[in-house]
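First comes the structure, then the notes that go with it.
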Amino acid sequence: MLNAMKRTALAILAACMLSCTGKEGKHIEEYSISQLYKNISIAGGRFSADDRKILFSSNETGIYNVFEINIADRSRKQITNSTTESCFAIDYVDGTGQILYSSDKGGNENDHIFLLSEDGSVTDLTPGDNVKAAFTGWNKDKTTMYFMSNRRDPRFFDLYKMNPGQWKEEMIYRNTEGFEFAGSTRDRSIIALSRSVSTSESKLYLYDIAARKMTEVSEPDKPGLYSGTGFSSDKRFFYYTTNAEREFAYLASYETATGQRRTIYETDWDVEGGWLSKNDRYRLILINDDARNVIKMFDLDTGEEVAYPGIPGTDIVNFNISDSEKYLLLTLGSSKTTGDLYLWEIGSDKPERLTSTMNPEINPDNLADAEVIRYRSFDGLEIPSIFYKPLTATVKNKVPALVMVHGGPGGQSRVGYNPLVQYLVNHGYAILAVNNRGSSGYGKSFFRMDDRNHGDKDLRDCIWGKKWLQSLDYIDSARIGIIGGSYGGFMTMAAMTFHPDEFMVGVNFFGVTNWLRTLKSIPPYWASFREALYNEMGDPYTADSVRLYDISPLFHAGNIRNPVMVLQGANDPRVLKVESDEIVAAAKANNVPVEYIVFADEGHGFIRKENEIRGDSLILVFLDRFLKNAAVF
């Protein structure tokens, strides 16, 4: 069966453009997966100290490599030339021709920090087979680099410093209690530390390294989520977000000398962060506004909001302000267009586009807009979701549909460009990306609704999403499937086992199918988060194991009746490959069609273009065979 699927996929790839007719007879181009993956994805974006260059990552080579843009003439060049592992830009080493970047091995998530010298030589600054390291910033004059590493103990991240030129590590904070780094002053004299109590409650502290004094910022009588966002340059104020005593997170300040707290900014959505520019001239605030990013920028010298001249039809994906406070670098995209870098000289008329990531063969008018919708679930609860309608869908041309479930638990489907979504919608599949109860972004009450109830009410939200799709007169109500990754993969397999007649097919990306194993085998560097995860999901070493067994699709795989496709990275440290091996074997024992794709060089998520092309193309073949064109009884 797989060979037949490959032949069909090759036929799809060979067709540059197929045409079809949509609403009001408009000609709609149908794109191949190879055309969509000629689009480029970019990540990050850092200014050099002199504002002359921008460092960023791009996957135009097939995997991510580091690139550089010269701001003066807009020229660009490739900095790293890896053909095996993706490289992600960190920053320039000030006063040298060196750069820092991060990379892991085949998606194993053990990221190391690498130094690329002017002569092209590369040095691993954080070596070790099982070491995971993360850059945390510089001191104010960029003469000292700081980073976290779990080299001493795989469970905990200590804080280190290195001086450029010598590159010898020195531990400045030994983490023996499972804290997570949450920010610091520029000189690292005070560091912010957090500890998860549950997925909906955390503690936040300030630790004075010289005095060895720990002070709690979170208020014991006001539980909630607390997250550090940085210090003022004079160390007088620490800034953090919290949803304590509120439904949505807001930005607050803590005066380090007096302990006085003050609300800085709040709105009717989660404030996800608030950052100061290097010299405290500007404050940028990020808001999760109904599954879209919105930024607010304030001039702290005047106290006024800075009017940002956005680009019509785009949403903010990422942003960074230069040390000089002259420029704002933005990544702007939409559900129909990939993200591009834009440079805005603060106060000028409009941002200037620096990159062109969209394949010129693709006209965004042939792709689908993301529409934020809401529907009522089985108990009347309103479920926010993102809907993608094929342009060819009409009452006379009914289309099949998929319910898509995000990762987590506690994730959120967001508005933005997704090549698989656009590929499937462009080929005639409606997609409803459900933000079931337990999703983030809609208040802490909604977020808590799936605690100790996973695979039950949240899954019924997905089933009622199917019912909402069936209410649309241009949807083929008999041809609806379910698709999801990670926690969404669990939900997919839960639907196929516990509600086997609801969805005609299921597509599972590295989904949890045995919660007992997954919760016992989480990566060692998640040790500080283990208790919080157990509080939400259940502790596999206690009586909770009965419920975890009951909700694990593997132990109920005999119920699977409809076709299933599973995609898995061999190096996945979060959902082990054995999870997918076993559910595939169990489903095959039922004599139902099962397709299994394993990528030897991927982890928890696929980032190599060749693998994405192969996987996405085979998904379409699978859906065409078992959803769009299968007999319905």
Self-check item: Rounded to 10°, Cα long-axis angle of helix 577-588 versus longest principal axis of the chain
Solution: 10
Self-check item: the chain, helix-only ellipticity at 222 nm - DSSP H runs n ≥ 4, -39,500 (n - 2.57), divided by all residues, nearest 500
Solution: -5000 deg cm²/dmol
Self-check item: For region 65-74, Karplus couplings with θ = phi - 60° (6.51, -1.76, 1.60), whole Hz, Gly/Pro x
Solution: 10, 8, 10, 9, 10, 8, 5, 5, 10, 6
Self-check item: Cα long-axis angle, helix 2-14 against the chain (0 to 90 degrees, to the nearest 10)
Solution: 70
Practice problem: Using only the alpha carbons of the chain, determine the length spanned along each of the three principal axes and report them from longest to shortest in whole angstroms. | Solution: 72, 61, 47
Quiz item: Among HIS604, HIS406, HIS499, what is the fewest-to-most ranking by other Cβ atoms within 10 Å?
Solution: HIS499, HIS604, HIS406
Quiz item: At 10 °C and 1.306 mPa s, what whole-number value in µm²/s does Stokes-Einstein give for the translational diffusion of region 402-484, with Rh from the Kirkwood sum over Cα pairs?
Solution: 118
Quiz item: If you line up the long axis of helix 527-537 against the longest principal axis of the chain, both from Cα atoms, how many degrees apart are they, to the nearest 10?
Solution: 40
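What number does region 125-176 give for Rg over Rh if you use C-alpha atoms and the Kirkwood radius?
0.96
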Practice problem: Name all residues of region 267-292 having a backbone nitrogen under 19 Å from the label point set 7 Å from the Cα of ALA307 along its Cα→Cβ direction, giving them as ranges. | Solution: 283
Quiz prompt | Full-stretch length increase - TRP167, TRP526 - with 0.36 nm per residue and alpha-carbon distance subtracted | solution = 126.5 nm
Practice problem: For region 555-562, take each phi angle, set θ = phi - 60°, evaluate the Karplus expression 6.51 cos²θ - 1.76 cosθ + 1.60, and give the result in whole Hz per residue in order, putting x for glycine and proline. | Solution: 7, 10, 5, x, 7, 5, 10, 10
Quiz prompt | Per-pair calculated FRET efficiency, R0 = 30 Å: ASN559 and GLU382 via Cβ, rounded to 0.05 | solution = 0.50
Practice problem: Whole number please: convex hull volume per residue, Cα atoms of region 510-633, in Å³. | Solution: 121
Quiz item: Which length gain, in nm to one decimal place, applies between GLU118 and ASN590 when the Cα-Cα distance is subtracted from 0.36 nm times their residue separation?
Solution: 164.0 nm
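Values quoted throughout were computed directly from the atomic coordinates according to the rules given, and no laboratory measurement underlies them. What you see is a predicted model, and the numbers here were worked out from it, not measured in a lab. Note that each Cβ is placed from the backbone with ideal geometry, even for glycine, and that neighbours are counted across all protein chains shown.
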